[in-house]
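The values are calculated or read from the model by the stated rules, or taken from the named source; none is laboratory data. All values reported here derive from a predicted model rather than from experimental measurement. Note: ideal-geometry Cβ built from the backbone for every residue, glycine included; neighbour counts use all protein chains shown.
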Amino acid sequence: MNSGSTESDSAHHQSDDGYLPCPLVFAAAAGARTKRIRIRISILLALLYDPLHLAEEVAVADLCTQGRLDLALGVGYVEDDFNAFGVDYHRRGKSMEELIPFLRRAWTGESFPHRGVTVRVTPRPCQDPMPIYIGGGASRKSIERAARLADGFFPPGMRKPWEAYRQTCMELDKPDPGDWRPHGPIFLWVTTDDKQRAWERLAPHIRHQIDSYGAWTKAGLGKATGPYIPSGDLESLSQDGAYQVVTPDEAVELAHQLGPAGDAPEPPPGGHPSRRGVADAAHLRARRATTPWARRHGTSATRHMKSISPVHACCHAQLSDTG
């Protein structure tokens, strides 16, 4: 995997389908199997951890990734999870305000007072300083917190929160984080098969993800939000382009449109047969340099395509059976 690629994880708890609850463990495992790709956790439900234990686990995960961990913290929105972990849901904003300075102090490796005793976190992270991002939320408080306390912001795939974050940074005399990066679909499937048949094959797995996120956001926020509005028909399953099935030629053209700075899409959610994902990825790899756009643009096509699905599809296919 090239150095410009990112593998992204998130977390949910008490999920019927076994959704990943321990992204730091997974990030460490992914780091041990890769050399250059950055490992992004977006987001970690940090308030469900003991702060001292969290500082240690992040440090070890960053060492396992050789300093390639991008950590985004979120306050969360599923109250049942806070109840399960014995954490005050209604204090989560203030708790995050306290946690970020705590982590920065802990990662110095120096002793400091904590809850009436002297503590020290070792080993230290590989990155010095270890960056902290805020992710997930698009509320004004979350955006302001990211600009004031964090090293960056991972918005929930929308331009407006990023623009608000950028404006807040400049108001606080922080460095300008720059323009909104081009974004493709949230999930992408590349196939040489008939696209309608591919949609039919993927539909149960996409619908499961949409329904799961729709239920979580409805329980926590009062309504299903984002590209996760439950849908009963195949036509509306794409969620206005958030989910796409494309041919190899269309994938190359999408990479060209996004450019090197664009956020690459990911393959659809797990559960589909892994052999099919590997086969489709192999077809795309073979077609990468033979499409009309690739022939016109030469090696730049290969550089762009490294950020799109054969890499993502192969990894996803191998992991899909685990959920």
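Selection within the range 38-54: residues that are of a type outside the set (A, V, I, L, M) and in contact (Cβ under 8 Å) with a residue 12 or more places away in the chain. The member of this set that is nearest to GLN127 (Cα to Cα) is ARG38. Pairs meeting the criteria (first residue in the range 88-115 and closer than 20 Å to GLY135 by Cβ, second residue surrounded by 14 or more Cβ atoms within 10 Å (Cβ to Cβ) and of a type in the set (Val, Ile, Thr), beta carbons under 6 Å, at least 6 apart or on different chains) are ARG92/VAL75; MET96/VAL75; ILE100/ILE132.
Being at pLDDT 90 or above, surrounded by 18 or more Cβ atoms within 10 Å (Cβ to Cβ) and over 17 Å from the mean Cα position of the chain (by Cα): is that true of TYR133 here? Full working, then the answer.
Values: at pLDDT 90 or above: yes; surrounded by 18 or more Cβ atoms within 10 Å (Cβ to Cβ): yes; over 17 Å from the mean Cα position of the chain (by Cα): no.
Taking the combined requirement at face value, the residue does not satisfy it.
The residue list GLN127, GLN66 contains one member that is surrounded by 13 or more Cβ atoms within 10 Å (Cβ to Cβ), among the polar types (S, T, N, Q) and on the phi > 0 side of the Ramachandran plot, which is GLN66. I want to confirm something. Restricting to the range 48-90 and keeping residues that are of a type in the set (A, V, I, L, M) and part of a loop (DSSP other than H, G, I, E, B), which single residue is nearest to PHE154 (Cα to Cα)? Filtering the range 48-90 for residues that are of a type in the set (A, V, I, L, M) and part of a loop (DSSP other than H, G, I, E, B), the one nearest to PHE154 (Cα to Cα) comes out as VAL75. The single residue among GLY93, GLY157 that is over 17 Å from VAL75 (Cα atoms) and surrounded by fewer than 18 Cβ atoms within 10 Å (Cβ to Cβ) turns out to be GLY157.
Tell me, yes or no, whether the range 38-60 has at least one residue that is under 17 Å from the mean Cα position of the chain (by Cα), modelled with pLDDT of 90 or more and surrounded by fewer than 21 Cβ atoms within 10 Å (Cβ to Cβ).
First, the residues of the range 38-60 that are under 17 Å from the mean Cα position of the chain (by Cα): 38-46, 58.
Then keep just the ones that are modelled with pLDDT of 90 or more; that gives 38-41, 44-46, 58.
Next cut, surrounded by fewer than 21 Cβ atoms within 10 Å (Cβ to Cβ) only: 38.
Scanning the range 38-60 turns up at least one residue that is under 17 Å from the mean Cα position of the chain (by Cα), modelled with pLDDT of 90 or more and surrounded by fewer than 21 Cβ atoms within 10 Å (Cβ to Cβ).
Quick one: is SER95 within 24 Å of the chain's Cα centre (by Cα), among the polar types (S, T, N, Q) and part of a helix (DSSP H, G or I)? Judged against the criteria, SER95 is a match.
Scanning the range 123-140 for residues that are touching a residue at least 40 places away in the same chain (Cβ under 8 Å) and over 22 Å from HIS12 (Cα atoms) yields a total of 7. Among (1) loosely packed, with under 14 Cβ neighbours inside 10 Å; (2) in a loop (DSSP other than H, G, I, E, B); (3) of a type outside the set (Gly, Ala, Ser); (4) in contact (Cβ under 8 Å) with a residue 24 or more places away in the chain, there is one condition PRO175 misses while meeting the rest; what is its number? The failed condition is (4).
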